[in-house]
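Here the structure comes first, spelled out in C-alpha cells, and everything after it is commentary.
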Amino acid sequence: MTRAPSLAALLLVATLLPCRAVGQAPDTVPPERLAARQWYRDARFGMFVHWGVYSLLGQGEWVMQNREIPVGAYEWLATTFDPVKFDARDWVSLAKAAGVRYITITSRHHDGFSMFATRATRYNIVDWTPFKRDPLRELAAECRRQGIRLFLYYSQLDWHHPDYWPRGSTGRNSGRPESGDWSRYLDFMDVQLAELLTNYGPIGGVWFDGMWDKPDADWRLPHTYALIHRLQPAALIVPNHHQAPLPGEDVQTFEQDLPGANTAGFNTDQIGQLPLETSLTMNRSWGFNITDRDYKTPQQLVRYLVEAAGRDANLLLNVGPRPDGTIPPEADERLREVGRWLATYGGSIYGTRGGPIPPRDWGVTTTRGDTVFVHVLAWPDRVLSLPSLGTRVIAARMFATGERVAVTQSEAGVTLTLPTGGKDEPDRVVVLTLASRRR
Ligand code: FHN
C-alpha cells in the first residue's frame, strides 16, 4: 500500500480536485460504477457492523446523546478503548459463513470518534487509545484476502467536532462552545473521506448517515460525491438520508423497513430506480447493548432476507461487536444459521431480481433469466394460485428436493399444488421454468 499522503496533499485532493468533476452533467454514471451497481444488486446480502467507543458502555451507539455525556467525559472514555480480542480474520470468516458478500462498517459514528488512522484529528483509535492499531486496515486486507467487499459507514452528524455548528436536532448537551465554522467541518469530512478512499485499497462504497440531523443545511454533497467518484470511480454512494435519491448517489437505503413500508416513521415511500437496500438490527440495537436480548429468530432473519429480495432489495444485517472486539454469540449463531440456509437456497437469492409477481400475503418471487423462484413464506393450503406470468410454465419443482410440483395454467393464471411436507421451513421455494419469452 502507498505511503499515506500528507495532510496538505489530502486537503488539496479534498477541496480543489473535485471542482473539475462537479462540472460533469449530473449522473453520467461511468461504466465501472454501473458494473459496481450490478454487482451490488447481485450480492443481495451484507453485514452491517456498528462498533466504536460507545460499545464500552453496552447501551447502544446513541449513549453519548441519550445520557448527555459531555465531550470531555466521552474523550476520557475513549482513552480506555482497547479491543485486544479484535481479529479481522474471525469477523470476515463469520461473514463468509453467513453468506454475505459485503461488510459495511462504522468508520466514524455520530460520537465523532474515528475508528481508523487519520491525520485530520487525534481523536482516533490509533492516536487516542492504547490499542494503537487500525482495525479498518486489518479488515480491508482480510476482506481482500477472503473476497468480501468492504463498505465504509461515515457519519455526517458529529456530537464531538467543535465546527459542527450550528447544531442540529441532536448533540446539544455535549458541552461544546456555542460557536464553530461549518465549512471547516465540511472540509474535515472531505479530508477523512479522501483518506478512506486512498489508504485502504478498493472500497465498495461509502454509507452516509446523519444528514437528517440538519436537513436544511448545505452539506456540499455534489462536492463530496464528486470527490468520492473521482478517487474511486467504482465506489458506490449509499446515503441514509431518508429522502428520495439525489444526483451522484448509487443506492437507495431504507432502515428497519422493507422498501415502501414505513413502520420506522422516517423512511420515504418514494422508491427510485437505484439499487435498493434495507438495513436491519438483529435485536433492537445497532451498537452493542448488553441488556437487549430481543433477538429475531434465524427463521425471521431468513424471511426478511427473502422479503427484501422479493422487493428487489439487499438486506444489510447488523451486528454490534462487544468492546473487546468479539462478536456476541447470539449474533454469531444467527449469522451461521442464515448462512446454512443460503448454502442450500442461495441460488434463489444471489444474482436474482425481485418479481415478476409483486409481494403477496403468501410470499414473494425472485427471478433470473427464464426461471422464477416462488418463495412460499406463509401459506396454509396446498393449492396456491398465481397471476399469469405472461408465458407458459414448462416445469415446476421444489428447489431443495427437486420434487415435481403439479401445475395447471390458463390465461388467467397458474395454480401450483404444493407437496404436503416442508411447512415448518422458513421458505418453501418452488422453481418455475418458463417458456422463454425470447422465442
Ligand atoms: O442514528 C443512526 C443509528 O445510530 C444507526 O446508525 C442507524 C443505522 O441505519 N442509522 C441512524 C438512525 O437513522
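The values are calculated or read from the model by the stated rules, or taken from the named source; none is laboratory data. Quick caveat, the model's predicted, so the values are computed rather than measured. In this analysis, Cβ positions are derived from the backbone assuming ideal geometry, glycine residues included, and neighbour counts consider all displayed protein chains.
Please determine, by comparing only the residues of the range 258-281 that are modelled with pLDDT of 95 or more and within 12 Å of the ligand (Cβ to nearest atom), which one is surrounded by the most Cβ atoms within 10 Å (Cβ to Cβ). Result: Glu277.
Kindly indicate which of Asp269, Asp209, Asp216 is farther than 30 Å from Phe188 by Cβ and acidic (Asp, Glu).
Asp269
On the stretch given as the range 137-153, residues that are touching a helix residue (DSSP H, G or I) at 6+ places or on another chain (Cβ under 8 Å) and buried (at least 20 other Cβ atoms within 10 Å of the Cβ) total 7.
Kindly indicate whether Leu34 is surrounded by fewer than 22 Cβ atoms within 10 Å (Cβ to Cβ) and at pLDDT 95 or above. So that I can check it myself, show each step before the final result.
Details: surrounded by fewer than 22 Cβ atoms within 10 Å (Cβ to Cβ): yes; at pLDDT 95 or above: yes.
Against the criterion (surrounded by fewer than 22 Cβ atoms within 10 Å (Cβ to Cβ) and at pLDDT 95 or above), Leu34 qualifies.
Checking each residue in the range 286-327 for being among the aliphatic types (A, V, I, L, M), within 21 Å of Gly355 (Cβ to Cβ) and away from the ligand (no atom under 16 Å from the Cβ) picks out Val302, Leu305, Val306, Ala309. Starting from residues that are within 14 Å of the ligand (Cβ to nearest atom) and in a loop (DSSP other than H, G, I, E, B), keep the ones in the range 237-257 and report whichever is surrounded by the fewest Cβ atoms within 10 Å (Cβ to Cβ). Only one residue fits best here, namely Gln243.
Looking at this structure, is Asp370 at pLDDT 95 or above and touching a strand residue (DSSP E or B) at 6+ places or on another chain (Cβ under 8 Å)? Before the answer, list the steps.
Numbers: at pLDDT 95 or above: yes; touching a strand residue (DSSP E or B) at 6+ places or on another chain (Cβ under 8 Å): yes.
In short, yes.
Within the range 63-109, the set of residues being surrounded by 17 or more Cβ atoms within 10 Å (Cβ to Cβ) and among the aromatic types (Phe, Trp, Tyr) comprises Tyr74, Phe81, Phe86, Trp91, Tyr102. The residues in the range 343-356 that are buried (at least 21 other Cβ atoms within 10 Å of the Cβ) and out of contact with any Asp or Glu (no Cβ under 6 Å at 6 or more places or on another chain) can be counted, and the count is 4.
For Val364, the conditions (1) out of contact with any His (no Cβ under 9 Å at 6 or more places or on another chain); (2) assigned to a strand (DSSP E or B) are fulfilled apart from (1). Can Arg108 be described as of a type in the set (D, E, K, R), within 26 Å of Gly58 (Cα to Cα) and within 16 Å of the ligand (Cβ to nearest atom)? So Arg108 fits the description; yes. For the range 362-374, the count of residues that are among the basic types (Lys, Arg) and in contact with a helix residue (DSSP H, G or I) (Cβ under 7 Å, 6 or more places away or on another chain) is zero.
Which residue is nearest to Ala73 (Cα to Cα), if the candidates are limited to the range 154-184 and must be surrounded by 15 or more Cβ atoms within 10 Å (Cβ to Cβ) and among the hydroxyl-bearing types (Ser, Thr, Tyr)? By that ranking, first place goes to Ser174.
Output the residues belonging to the range 57-109 that are part of a loop (DSSP other than H, G, I, E, B) and aliphatic (A, V, I, L, M).
Ile69, Val84, Val100
When the range 186-218 is limited to residues that are crowded, with 19+ Cβ neighbours inside 10 Å and among the aromatic types (Phe, Trp, Tyr), the one that is nearest to Gln156 (Cα to Cα) turns out to be Phe208.
In the range 104-149, what residues are among the basic types (Lys, Arg) and over 27 Å from Arg67 (Cα atoms)?
Filtering the range 104-149 for residues among the basic types (Lys, Arg) gives 108, 119, 122, 132-133, 137, 144-145, 149.
Within the range 104-149, Arg119, Lys132, Arg133, Arg137, Arg144, Arg145, Arg149 meet the criteria.
For residues in the range 43-56 being away from the ligand (no atom under 14 Å from the Cβ) and part of a helix (DSSP H, G or I), which is farthest from Thr326 (Cα to Cα)? Explain how you work it out, then say what you get.
Taking the range 43-56 first, the residues away from the ligand (no atom under 14 Å from the Cβ) are 43-45, 56.
Narrowing the set further to residues that are part of a helix (DSSP H, G or I) leaves 43, 56.
Values: Ala43: 25, Leu56: 12 Å.
The extreme case among them is Ala43.
Would you confirm, using the coordinates I've provided, whether Gly422 is surrounded by 15 or more Cβ atoms within 10 Å (Cβ to Cβ), assigned to a loop (DSSP other than H, G, I, E, B) and under 33 Å from the mean Cα position of the chain (by Cα)? Yes, satisfied. May I ask you to list the residues in the range 282-315 that are surrounded by fewer than 17 Cβ atoms within 10 Å (Cβ to Cβ), among the hydroxyl-bearing types (Ser, Thr, Tyr) and farther than 23 Å from Val53 by Cβ? The one that is surrounded by fewer than 17 Cβ atoms within 10 Å (Cβ to Cβ), among the hydroxyl-bearing types (Ser, Thr, Tyr) and farther than 23 Å from Val53 by Cβ: Thr297.
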